[in-house]
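Presented below is the structure to which this report refers.
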Amino acid sequence: MTYPGLVSRRTPADEGSPASGTNSAANGYRRLNWKCMLSMYIGHATLYLLLLAAYILVRSHAQGFLGFYYEPVMYAFTVLLAIVLVYTMAAPPVFYVRYRYRITDDRIDVRSGVLVLRHILVPIERVHQVEISRGPINSILGLAEVTITTAGGVATLSYLEVEEAERVAELLNSLVGRMLRERLSATPASLSGPAGD
Amino acid sequence: MVVPGEKIRCHPSIIVERSLSGVVLLAFLVTRFEGTPVAAVLLAAIVALLLFYYRQWKLTTIRFNEAEIVVERDTLFKMKKTLPYTKIASVNVNRGIINRLFGTSRLQININSGSSATVPEAVLTFRRDLADELRSTISEHLYGQEIAPDEDKAVEPLVSFSPVDVIIHGLFSVSTYQTFVGSLFLAYSVFELYTSMGTGFGADGKALISLLIFVAVQVGPSISLILRYYNYRVYRRGETIYLEHGLLRTYKTSFEVSRVNAIRVKQTLIARLMHRSCIEAEVVGLASGSGESLRPILCLLKDDATQQRLLEELVPEFVDGHARERQPEEAKGVLLVRAAIASLVLVLAAAYPSVYVYRETAAIPGIAGTVLPFALPLATAAAALAICYATYVSYRVTEFGTGADLFSFVNGAVDRETVVMNYDKVQMVRITQGPVARLFGVARGRVYLLSAVGGASVSSGYFAGSRLAAIGETVMERIASGEYDWRKNSV
C-alpha cells in the first residue's frame, strides 16, 4: 500500500539533509509551511512583551525588595532581554529551515531544533493516541499541532497546515487500525488474552 | 468461597480505614474549639463523615465474574468500573495496622496504564482469608497459576535478607544528594545549638527547624524504608516474581516477568564504598497508593556478587553480558566545555556577593576577620573544583552497550545507576545534539519507556549519533522481522 504525498515506504535511517522547497519529498521528508514562522513570531513577541512588562515592574518596584542585589539583577535581566530578543528574531527561520518530518508505514521520524537539534523516532506500533489541537494564533493562520501519544511519552508534529494535520492524523489512525486488524486476523481467538477465553 | 457473579461487599472495617484520618483531624479541632458552637458543628461533621463512608460501603458491590471484576457504587455519584482480567497488571495484598486489628487485608488491583500508573484501579478490603483466596484466584487468571494462601512461605527464596541488610538498605540506599542536604541541616542545627550554649542564650527556632528538616530529609526516608522492607523475601515461580515485605504494613506483590520494562542496578556513593548494590524493576501497574516508592525492589543493598547472582536467577531475561563502551574522546571536549560554563556561571554569580562580604567583614577583628572575607571565594573555588571532578568521573563512568535483545546505559558520577532495557519495551527514541555537542560530533540519547510511575525516560551520555540511532533502528528491525512479539509486550 502506498500513501501518495504524505508517507513513504519503510526507509532506512538516514542522516540526509532535507529537500529544499516546501513539502518536497526527497528522502521522504516533508517540511513546514512558511506560515509557521509567522505563528512563531507572534507567539514569541507575546512572550517577549510579557518579559518586558516583568522587567519594567522589577525596575520600578523591586529596588527595596532586592536590596544590594538590585543592580546585578537588573544587569542580568537586561542581558536576558537582549538574548531573548535575538532568539525571538532568529529562531523562527532556523526552526523552519531545520524542521522536517517523515511518516513511513512503520515509523514517525521528526527532526527539529534551533540550538539543540532533536531527532525523534516513534514506531507506529507504539502509537496509542493521535490528537489535533489548535491555539488561537494557529487557528487564525490555519495551522494545527498533531500530538502522538505512546505509552512512554509524547511526540508532537508542530505548525502543520490544518488539512495536512488532519491527513496525518487520519493516516496514523489508519496505519494503527490496519496493524490491529492484521493482528486480529492473525490471532486465533484462544490467544487473544491469557484469561477470559 | 466467592461464587462467580455473586455480588459481595468489602469488609465494614473499610469505613474506619477511609474515615480515620478525617475523624482524627476533626476530633483534634473539636478539642481546640471545646465549648463553642464550632465544636458542635465539627461533631456533626464527624457523624456525617462516618455516615457518608457507611453509605458508600453499603452501596458498593464487587462481582468477580469469569472474565472481569466489576466494582459498582450506587451512591449519588454513581460508578461502575469493569476490570477485565486481560488488562490487569498485578494484584497485590497488603495489611496495615487497622487491617491487623480487624483481621483484614487490602486487595489492590492495578491495570496496565501509563496515565493511572501511580494509583491502584481498585482498593478493596476483605477478611484476610478471603483476600488471599481472591488474590490466588485472580493470579490464576493472570499468570495461569494459583497461589495457595500458605504456599508463599513454603517457597525457598533465592537469597535471604537479614534485618541487618534491611537496616543497611534503609540507611544507605537514600540518594547521596539527599544525605548531603540532610547532613548540612544537621550540621547547622548542631552549630546553632553550640553557639547558643556559648552565648548563654537558649537556642532559637532555627536549630529546631534545621533538625526537623534533617529528620524529614534523612531520618524519615530511612526509617520508612526499614519499615517497608523488613522481612524482605523475593522469589520467582515460573514467569511470575513474588515479593513480600513490611513490618507495620505488610506487602505481597506479584507480577509477570514480561511486565518488567527495565532493570536498574543502583549504587549510592556509600553503597559503592561498601561494594553493595540494589536492583529495582520498572514495572507498570504496581501502584501501592501509599505514596511510597512505586518501583519494586528485586534486591535490597547486598554485596555485588549476591546482587549479580540474584539478577541472573530472578530476571535472566535482563542478563546477556553484552559489552559496554565508554564515551568517545570527543565527549571529553563537550564535558569540559560544560564544566567550564558551569564554573564560569558560578564564579559570576558569586563575584558580587564575594566583594560585598569582603567589604563587610574585612574590618572584623580576630580570626573571623581573617577567615570570613575569603570564605565565599574559597567556597566558590571548592565548588568549581567539585564540578571539574564530577565531570572527570562522569566521563570515566558513563557507558553505553548494545546486545541482541538488550541495551544498557550507565550513568552517575556520585550515585551510579546501570539501566538495562529491552528493545521491545522502547516506546520512543530521541537523539539530541546541542551546539557544543555538534562541534565535537557527539549526541545524547533519551529512551522513553512505560515505567512504574507512568511514562519515564532514561538518558545516555555523549556518544556518536549513529551509535545511538542504532537503538531506534534495532527497535524497528525487530518489529519488521517479527522478532517483536506484541502478545508479550503490548500494553
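When B:SER288, B:SER277 are checked against the criterion of being modelled with pLDDT of 90 or more and either charged (D, E, K, R) or not in a helix (DSSP H, G or I) (or both), a single residue qualifies: B:SER277. Of the residues in region B:403-422, not one is within 11 Å of another protein chain (Cβ to nearest Cβ), outside any helix (DSSP H, G or I), among the small types (Gly, Ala, Ser) and surrounded by 20 or more Cβ atoms within 10 Å (Cβ to Cβ).
Only one of the numbered conditions (1) farther than 27 Å from A:THR149 by Cα; (2) within 14 Å of chain A (Cβ to nearest Cβ); (3) surrounded by 20 or more Cβ atoms within 10 Å (Cβ to Cβ) is not met by B:TYR395, and that is (2).
Those strands (runs of 3 or more DSSP E) of region B:16-135 in which at least 1 residues are small (Gly, Ala, Ser) and surrounded by 14 or more Cβ atoms within 10 Å (Cβ to Cβ), considering only elements entirely within it, cover B:88-95, B:104-111, B:122-127. Residues in region B:12-51 that are under 30 Å from the mean Cα position of the chain (by Cα) and closer than 19 Å to B:ASP129 by Cα: B:SER13, B:ILE14, B:GLU17.
Do you know which of the residues in region B:435-467 that are touching a residue at least 40 places away in the same chain (Cβ under 8 Å) and within 8 Å of chain A (Cβ to nearest Cβ) is surrounded by the most Cβ atoms within 10 Å (Cβ to Cβ)? Restricting to residues being touching a residue at least 40 places away in the same chain (Cβ under 8 Å) and within 8 Å of chain A (Cβ to nearest Cβ), the top hit is B:LEU450. Only one of the numbered conditions (1) within 14 Å of another protein chain (Cβ to nearest Cβ); (2) hydrophobic (A, V, I, L, M, F, W, C); (3) closer than 21 Å to A:TYR41 by Cβ; (4) buried (at least 21 other Cβ atoms within 10 Å of the Cβ) is not met by A:ILE120, and that is (3).
Would you be able to say whether some residue in region A:55-66 is over 20 Å from B:VAL345 (Cβ atoms) and within 14 Å of chain B (Cβ to nearest Cβ)? Scanning region A:55-66, I find no residue that is over 20 Å from B:VAL345 (Cβ atoms) and within 14 Å of chain B (Cβ to nearest Cβ), so the answer is no.
Among the listed residues A:LEU157, A:LEU115, identify the single one that is within 9 Å of chain B (Cβ to nearest Cβ) and either outside any strand (DSSP E or B) or surrounded by 13 or more Cβ atoms within 10 Å (Cβ to Cβ) (or both).
A:LEU115 is the lone residue from the list that is within 9 Å of chain B (Cβ to nearest Cβ) and either outside any strand (DSSP E or B) or surrounded by 13 or more Cβ atoms within 10 Å (Cβ to Cβ) (or both).
Of the helices (runs of 4 or more DSSP H) lying entirely inside region A:1-104, those containing at least 2 residues that are within 22 Å of A:HIS119 (Cα to Cα) and either among the hydroxyl-bearing types (Ser, Thr, Tyr) or modelled with pLDDT of 90 or more (or both) span A:35-61, A:70-98. The set of residues in region A:69-100 being under 16 Å from the mean Cα position of the chain (by Cα) and either within 14 Å of another protein chain (Cβ to nearest Cβ) or surrounded by fewer than 16 Cβ atoms within 10 Å (Cβ to Cβ) (or both) consists of A:ALA91, A:PRO93, A:VAL94, A:VAL97, A:ARG98. Among the conditions (1) farther than 23 Å from B:ARG467 by Cα; (2) not in a helix (DSSP H, G or I), the only one that B:GLN308 does not satisfy is (2).
The values are calculated or read from the model by the stated rules, or taken from the named source; none is laboratory data. Predicted model only: the values in this text are computed from it and were never measured. No Cβ is skipped: glycine too gets one built from the backbone with ideal geometry, and neighbour counts run over all protein chains shown.
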